[in-house]
Amino acid sequence: MTQQFDALVLGGGAAGLMCALEAGKRGRRVALIERAERAGKKILISGGGRCNFTNIHCRPENFISANPHFAKSALARYTPSDFIALVEKHRIPYHEKALGQLFCDRSARDILEMLEGECRDAGARLFVQTSIREVLRTTEFVVRAGEMEFRAPVLVVATGGLSIPKMGATGLGYDLAGQFGLAIREPRPALVPFVLGPEDREGFCDLAGVSADVAVSCNSQRFREKMLITHRGLSGPAMLQISSYWKPGQAVAIDVAPGSNVTAALREPKTPRNTTALRSALHNFLPIRFANRWLDLHRPSAWTNTGLGELERAVHDWKVVPAGTEGYAKAEVTAGGVDTNELSAKTMESRKVPGLFFIGEVVDVTGHLGGFNFQWAWASGACAGRALV
Ligand SMILES: Cc1cc2nc3c(=O)[nH]c(=O)nc-3n(C[C@H](O)[C@H](O)[C@H](O)COP(=O)(O)OP(=O)(O)OC[C@H]3O[C@@H](n4cnc5c(N)ncnc54)[C@H](O)[C@@H]3O)c2cc1C
């Protein structure tokens with residue numbers, strides 16, 4: 001059976017839903033084609049089930065891309081305030097957590113139901129459990145899925161990245177970019193926990209569950225947030241953030257007492273210079289078990305000013321070389337993707353293939369942790385949806 005539409009949107013995730021509702025509101029006949037049994041499954045598990053749906057401090061610097069300017073236009077055209085207005089129109093209660101992150105008070109389900117409702121009201125048709133077999137371009141785009149054939153002059157690819165394959169992630173978006181001759185920036189897991197090598201694992205991983213406020217740096221980026229020791233390595237917001245910038249083989253530099261002088265107390269004439277005094281000084285900054293372990297592995301070479309100076313430097317520049325990451329199975333997002341040089345920054349339309357659009361995570365734009373990835377999905381989806389003719 002062949003069905004004719006004005007636009008076909010492949011992938012009913014955050015970006016696809018936003019694109020479909022914006023295009024539908026403009027009177028376009030839209031088909032939203034989703035392989036899972038329901039749309040927006042990642043929205044439901046996001047933010048620990050409460051969906052960190054945007055960040056009020058959203059700036060272009062919160063995004064990683066081979067072209068750091070690309071995202072600016074879309075982010076300016078559809079801002080956090082635009083999404084907040086939608087959330088408020090639906091009377092969804094929300095709150096700000098640290099650092100401008102907005103979360104639902106109740107459940108991520110509120111956001112998904114809002115988007116599904118807006119799509120319905122806009123007349124967009126959602127086809128779930130619809131696995132795409134083939135995409136062709138004749139005089140228009142033809143999508144074959146099961147026994148169905150969809151046709152439209154416009155095709156929007158919103159199939160996301162490779163992270164969390166058990167939730168149905170596929171590489172369809174990258175395959176379609178290749179099929180239509182668009183360049184790809186090598187995809188890689190991002191916002192992903194680190195795995196440590198055997199020595200560091202033996203040194204720290206029995207402390208799994210312990211967290212500390214640190215500053216971590218790599219490749220000229222620095223994040224001051226919490227670090228969490230896991231059974232296999234290091235996670236927590238600080239490590240997830242820096243993982244997006246890390247390349248295999250590189251060290252990350254961890255400052256375990258940012259902005260503080262740990263050995264200052266030991267330089268006081270009345271304070272003894274010994275392990276007990278040093279431990280108690282570090283306990284002011286780190287959980288006791290972590291502080292003790294860290295000092296066991298970083299004993300001062302001498303109790304002289306020089307020895308204390310070396311230790312102070314080590315406290316602020318602890319170099320760890322991760323053996324790797326937990327990969328796509330645990331990555332919150334996929335960095336890399338469709339090369340932004342291939343797309344219009346205003347509309348997300350391919351420069352080479354008129355009528356072909358890429359939006360959301362499949363594009364080489366990756367947000368920091370904290371609601372930025374959804375803001376990119378909303379912004380890129382809205383820009384494409386408003387541009388469909
Ligand atoms: C555990 C977790 C928590 C997260 N929490 C947050 C958060 O709180 N805040 C935030 O900003 N970001 C968060 N993210 C990131 C955010 O979920 C993504 O950046 C965002 O969902 C990307 O939107 P998208 O529409 O591009 O892709 P997706 O949401 O992944 O949607 C893609 C859709 O395409 C469908 N699809 C894939 N292949 C095919 C195919 N072959 N045929 C048909 N359909 C297909 C998929 O089933 C999916 O529904 C989180 C991610 C994870 C994994």
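The values are calculated or read from the model by the stated rules, or taken from the named source; none is laboratory data. Please read these numbers as outputs of a predicted model, since none were measured by experiment. Neighbour counts are summed over all protein chains in view; Cβ atoms, including those assigned to glycine, are modelled from backbone coordinates with ideal geometry. Surface accessibility is based on the protein's heavy atoms, side chains included, excluding ligands, DNA and RNA. Shrake-Rupley method; radii C 1.70, N 1.55, O 1.52, S 1.80 Å.
Tabulated results
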item	result
Given (1) open to solvent by 20 Å² or more (accessible area, probe 1.4 Å); (2) within 23 Å of Leu21 (Cα to Cα); (3) within 14 Å of the ligand (Cβ to nearest atom), index of the condition Leu112 fails	(1)
For Phe374: the one exception among (1) of a type in the set (A, V, I, L, M, F, W, C); (2) more than 7 Å from the ligand (Cβ to nearest atom); (3) farther than 16 Å from Gly178 by Cα	(2)
Candidates Ser73, Ser46, filtered to the one that is more than 15 Å from the ligand (Cβ to nearest atom), open to solvent by less than 40 Å² (accessible area, probe 1.4 Å) and outside any loop (DSSP other than H, G, I, E, B)	Ser73
Matching residues, region 132-164, being away from the ligand (no atom under 12 Å from the Cβ) and surrounded by 21 or more Cβ atoms within 10 Å (Cβ to Cβ)	Phe141, Ala152, Val154, Leu155
Residue that is open to solvent by 70 Å² or more (accessible area, probe 1.4 Å) and near the ligand (Cβ under 10 Å from one of its atoms), where the choices are Gln101, Gln179, Gln129	Gln129
Within region 83-188, strands (runs of 3 or more DSSP E) holding 3 or more residues that are closer than 19 Å to Ala14 by Cα and within 24 Å of the chain's Cα centre (by Cα)	101-104
Tabulated pairs, region 274-285, first within 16 Å of Ser211 (Cβ to Cβ) and among the aromatic types (Phe, Trp, Tyr), second open to solvent by less than 60 Å² (accessible area, probe 1.4 Å) and assigned to a loop (DSSP other than H, G, I, E, B), C-beta under 7 angstrom, 6+ apart or interchain	Phe285/Val256; Phe285/Ala257; Phe285/Ser260
